[in-house]
Amino acid sequence: MAFYRQVGSIPPKRHTQHRRPDGGLYAEELVGEEGFSSDSSLLYHRGIPSAIVDARPWTLPDQSLTPNAPLVPRHLRLHDLDFKEADPVTGRRLVLGNADVRISYAVSTEISPYYRNAIGDECVYVERGDATVETVFGALTVGRGDYVIIPRMTAHRWIPTGAEPLRTYAIEASSHIAPPARYLSRFGQFLEHAPYCERDLRGPVEPLLAEGSDVEVYVKHRGGGTIHVVPEHPFDVVGWDGCLYPYAFNIADFEPITGRVHQPPPVHQVFAGQNFVICNFVPRKVDYHPLAVPVPYYHSNVDSDEVMFYVDGDYEARKGSGIGKGSISLHPGGHSHGPQPGAVERSLGVEFFDETAVMVDTFRPLDLGEAGLASDDGRYAWSWSGRGPAA
Ligand SMILES: [Fe+2]
């Protein structure tokens, strides 16, 4: 995220003394990606960021994965899943995953513990509800339609704040998550053809300082889960600057690119991770050639699995399939997919699609998590032919 930001108190020169009011020194910490060769920020802590006083296991929720076999398209109904007194971190239920990315879902009313994901960046999409995301960089106020990008290792916690439960769709990478490189200049500025730009991104605006001692921080890492107990509160940063920090982007600020004939999914891309992309479909004017077919052509994603999360509106191409708000369709590589029967004809002459969906395309096959298995409708694969195997 090559977009410089400065918050709170920092010294005029990097790597020089920064003194507290009592004359002591703040502890300077560089948080940097790809060793020392990519984006980074410099944080100034009241305490020592590497100090811990205890470490004990954190048993993660069920992370088991089951291959999509026999290979079929699937319809997963996330709104049918049960959540009891869940929080947006430990309450996540794993829907789909592979070595590059894990997609989970949570419906929460509780405050999460302090948390760090040491495996990769997170992109948490807020389907419904409101929250404050408190982080070591400062707080973000988020709500419906926000993507919340949280860099690897950022200490943070989620606080649901709205009257309704907070529904979050978490895309956890094993890598970093960033805007697609083709949207950026060689120095990192958003280009004119990008469907969003720096003005649409919301980062922390002031430090978030909290008092506390022997605070638990839940760490998800490549070896599992660990709870670190830190002697001073993890939110002890008086100032920071750099290009690495959490931020929010609302899907309503994505300006759709439209054309006379059907535009390919890459025009809908919003973020990229290693071996996967995130796209979104937003309400938009549709194809305006006099003979245009507004719904997609049938397509076989030769190199990817496609996961569509239907958030709002009516999804024209899926009418008749049972898919609605809160549904996921999984269209795996190795099998073609496209509009349900009759959808092409119904779309002719339509000028506007009122639909909101978040799509993740992975370049390695996705397996089903426990929540994916629990929410599978078991019938979607037969929805194009109108009949399944004989009983
Ligand atoms: Fe597709």
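The values are calculated or read from the model by the stated rules, or taken from the named source; none is laboratory data. What you are looking at is a predicted structure, and each value in this text was computed from that prediction instead of being measured. All Cβ positions, glycine included, derive from the backbone under ideal geometry; neighbour counts span all protein chains shown.
List of remarks:
- Enumeration of residues in the stretch 108-135 that are farther than 27 Å from residue 274 by Cα and buried (at least 23 other Cβ atoms within 10 Å of the Cβ): 108, 112, 131
- Test: residue in the stretch 343-351 that is surrounded by 16 or more Cβ atoms within 10 Å (Cβ to Cβ) and in contact with a Ser or Thr (Cβ under 6 Å, 6 or more places away or on another chain): no
- Residue list for the stretch 287-306, filter: out of contact with any Asp or Glu (no Cβ under 6 Å at 6 or more places or on another chain), more than 10 Å from the ligand (Cβ to nearest atom) and closer than 21 Å to residue 325 by Cα: 305
- Every residue from the stretch 308-325 that is closer than 24 Å to residue 81 by Cβ and either touching a Pro at 6+ places or on another chain (Cβ under 6 Å) or surrounded by 20 or more Cβ atoms within 10 Å (Cβ to Cβ) (or both): 308, 309, 310, 311, 315, 318, 321, 323
- Only one entry of 75, 79 meets the criterion of being part of a strand (DSSP E or B), at pLDDT 95 or above and within 22 Å of residue 380 (Cβ to Cβ), and that entry is 75.
Conditions (1) within 25 Å of residue 113 (Cβ to Cβ); (2) in contact (Cβ under 8 Å) with a residue 40 or more places away in the chain; (3) over 14 Å from the mean Cα position of the chain (by Cα), marked per residue:
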| site | (1), (2), (3) |
| --- | --- |
| 248 | yes, yes, no |
| 261 | no, no, yes |
| 265 | no, yes, yes |
| 272 | no, yes, no |
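- Members of the stretch 357-391 that are within 16 Å of the ligand (Cβ to nearest atom) and among the polar types (S, T, N, Q): 362, 383
- Answer residue from the stretch 307-331, given it is hydrophobic (A, V, I, L, M, F, W, C) and either more than 15 Å from the ligand (Cβ to nearest atom) or more than 18 Å from residue 265 (Cα to Cα) (or both) and is nearest to the chain's Cα centre (by Cα) among those: 311
- Taking the numbered list (1) hydrophobic (A, V, I, L, M, F, W, C); (2) farther than 23 Å from residue 357 by Cα; (3) free of Cβ contacts under 8 Å to residues at least 24 places away in the same chain in turn, residue 139 passes all entries but (3).
- Taking the stretch 136-153 as the range and being more than 20 Å from residue 253 (Cβ to Cβ), surrounded by 22 or more Cβ atoms within 10 Å (Cβ to Cβ) and over 13 Å from the mean Cα position of the chain (by Cα) as the test, the residues that pass are 136, 137, 138.
- Within the stretch 337-357, tally of residues that are more than 16 Å from residue 75 (Cβ to Cβ) and under 26 Å from the mean Cα position of the chain (by Cα): 4
- Residue in the stretch 172-195 that is touching a Leu at 6+ places or on another chain (Cβ under 6 Å) and either β-branched (Val, Ile, Thr) or closer than 24 Å to residue 368 by Cβ (or both) present: no
- Criterion (within 15 Å of the ligand (Cβ to nearest atom), at pLDDT below 95 and touching a strand residue (DSSP E or B) at 6+ places or on another chain (Cβ under 7 Å)) met by exactly one of 334, 338: 338
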